[in-house]
Amino acid sequence: METRAGYPFRWQCRRSGNCCAIPGGFVRVDAGEAAAIAAFLGLDEAAFRSRYLQPDGERLKDGLGNRCVFLQDGAPAGCAIYPVRPAKCASFPFWPELRDDPELSARVQRTCPGLEPLP
Ligand code: SF4
């Protein structure tokens with residue numbers, strides 16, 4: 001399992017997909033990520049932005065419910081853009097806010113089956 005200095009948990013992905021369907025969650029993408037995802041999907045950037053980004057141009061649209069539009073159901077769950085997924089997704093769960101906010105950290109630890117509090 002993976003650990004990082006300062007983080008109160010250890011982690012190994014179990015591919016539940018739960019981190020891609022957190023109520024109230026969103027996925028921020030920067031311009032470079034948007035271009036990479038568009039190219040990966042074979043779309044020009046304007047078409048990608050219109051189809052997959054919120055009007056602010058900085059966040060992915062939601063799929064059904066609170067799910068990410070690119071979350072693929074199954075056991076294990078998958079990501080339709082995994083090779084070019086945004087940095088925020090690739091760095092989960094080692095986010096500074098999960099290190100620094102005990103309440104948020106506890107909530108995410110209840111959501112993700114791959115997270116275990118350190119003894
Ligand atoms: S882009 Fe992929 S890894 Fe990121 S939230 Fe969506 S399904 Fe999950």
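The values are calculated or read from the model by the stated rules, or taken from the named source; none is laboratory data. Nothing here was measured: the structure is a model prediction, and the numbers come from that model. Every residue, glycine as well, gets a Cβ built from its backbone with ideal geometry; the counts of neighbours run over all protein chains shown. Areas reflect the complete protein model, heavy atoms only, side chains present, ligands, DNA and RNA absent. Shrake-Rupley method; radii C 1.70, N 1.55, O 1.52, S 1.80 Å.
Among the residues of region 61-70, just one is open to solvent by less than 50 Å² (accessible area, probe 1.4 Å), closer than 14 Å to residue 23 by Cα and touching a residue at least 24 places away in the same chain (Cβ under 8 Å), namely 68. Within region 98-108, being within 20 Å of residue 5 (Cβ to Cβ) and open to solvent by 70 Å² or more (accessible area, probe 1.4 Å) holds for 99, 100, 102.
Consider region 2-14 and keep the residues that are out of contact with any Gly (no Cβ under 8 Å at 6 or more places or on another chain) and assigned to a loop (DSSP other than H, G, I, E, B). The one that is surrounded by the fewest Cβ atoms within 10 Å (Cβ to Cβ) is 5.
The residue that is nearest to the ligand (Cβ to nearest atom), among those in region 15-50 that are assigned to a loop (DSSP other than H, G, I, E, B) and open to solvent by less than 40 Å² (accessible area, probe 1.4 Å), is 27. For region 77-92, taking the residues that are outside any loop (DSSP other than H, G, I, E, B) and open to solvent by less than 50 Å² (accessible area, probe 1.4 Å), the one that is farthest from residue 10 (Cα to Cα) is identified as 84.
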